1. Residues to consider are 108, 55; find the one that is within 21 Å of the chain's Cα centre (by Cα), at pLDDT below 85 and within 25 Å of residue 134 (Cβ to Cβ).
2. Looking at the stretch 58-73, which of the residues that are among the aliphatic types (A, V, I, L, M) and at pLDDT 75 or above is nearest to residue 114 (Cα to Cα)?
3. Could you please let me know if residue 11 is surrounded by 14 or more Cβ atoms within 10 Å (Cβ to Cβ), in a helix (DSSP H, G or I) and in contact with a Gly (Cβ under 8 Å, 6 or more places away or on another chain)?
4. Of all residues being aromatic (Phe, Trp, Tyr) and surrounded by 12 or more Cβ atoms within 10 Å (Cβ to Cβ) in the stretch 59-99, which is farthest from the chain's Cα centre (by Cα)? Just the residue, please.
5. Given (1) assigned to a helix (DSSP H, G or I); (2) among the hydroxyl-bearing types (Ser, Thr, Tyr); (3) at pLDDT 90 or above, identify the lone condition not met by residue 76.
6. Search the stretch 147-178 for residues being modelled with pLDDT of 90 or more and touching a helix residue (DSSP H, G or I) at 6+ places or on another chain (Cβ under 8 Å), and hand back the single one that is farthest from residue 53 (Cα to Cα).
7. Look at the stretch 114-130 and say how many of its residues are crowded, with 20+ Cβ neighbours inside 10 Å and either part of a helix (DSSP H, G or I) or without any contact (Cβ under 8 Å) to a residue 12 or more places away in the chain (or both).
8. Filter the stretch 7-52 for residues that are modelled with pLDDT of 95 or more and at positive phi and give the result.
Amino acid sequence: MKGPAVRNLLLASVTGLVIFFDQLTKLHIMQTMRLHESIPIVPNLFSLTYIRNPGAAFGLLAGSSNAFRMVFFGLTSIFALVLLCTILYRMPERDWVGRISVAAILGGAIGNLIDRLRYGEVIDFLDVYVENYHWPAFNVADSAITVGVIFLIVHFAFEKKQHPPAAPENTSSSVSTA
């Protein structure tokens with residue numbers, strides 16, 4: 001294997017590892033904790049709390065009907081996966097930060113899609129809070145998506161723009177002699 005094959009294998013590995021660890025951690029939480037059980041890890045800051053989120057990020061659309069959510073999330077997931085694959089395909093091969101970031105986002109999107117297909121909702125368990133102020137619970141897939149997006153934003157913000165070379169002056173014009 002050379003060149004593009006190795007690079008594509010690395011990107012597929014990033015995506016696959018995100019999916020693997022996302023699903024492994026969710027399975028562990030479901031097998032070892034009761035729904036809504038919370039285990040403090042760092043008091044007043046971080047707990048493992050097993051919840052199921054039928055909605056989108058931050059519980060949006062959680063009150064909608066199951067049929068609406070399945071159609072909505074099915075269509076948006078397909079759109080997002082096609083978009084991410086297109087972005088990944090069109091990114092320059094030398095743009096490693098961008099490509100690995102998109103591969104992590106893709107893995108996270110697939111991890112949460114697997115939950116929606118299997119359970120009709122997403123398994124969340126990472127609970128960050130200060131006293132009684134909680135950030136919405138999240139999971140490994142959400143973390144990969146967030147970190148991937150942050151890396152992309154920072155990467156594109158500081159990326160040096162390469163200007164295309166200036167077109168050579170037209171030297172093919174005829175010189176008339178009088």
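1. After applying the criteria, what remains is 55.
2. Across the stretch 58-73, the extreme among qualifying residues is 70.
3. So residue 11 does not fit the description; no.
4. Across the stretch 59-99, the extreme among qualifying residues is 72.
5. Going through the list (1) assigned to a helix (DSSP H, G or I); (2) among the hydroxyl-bearing types (Ser, Thr, Tyr); (3) at pLDDT 90 or above, residue 76 breaks only (3).
6. 155
7. Qualifying residue count, the stretch 114-130: 1.
8. Correct list: 36 only.
The values are calculated or read from the model by the stated rules, or taken from the named source; none is laboratory data. The model shown is predicted, which means the values in this text are computed figures rather than measured ones. Because the Cβ atoms are built from the backbone with ideal geometry, glycine has one as well, and the counts that use them run over all protein chains shown.
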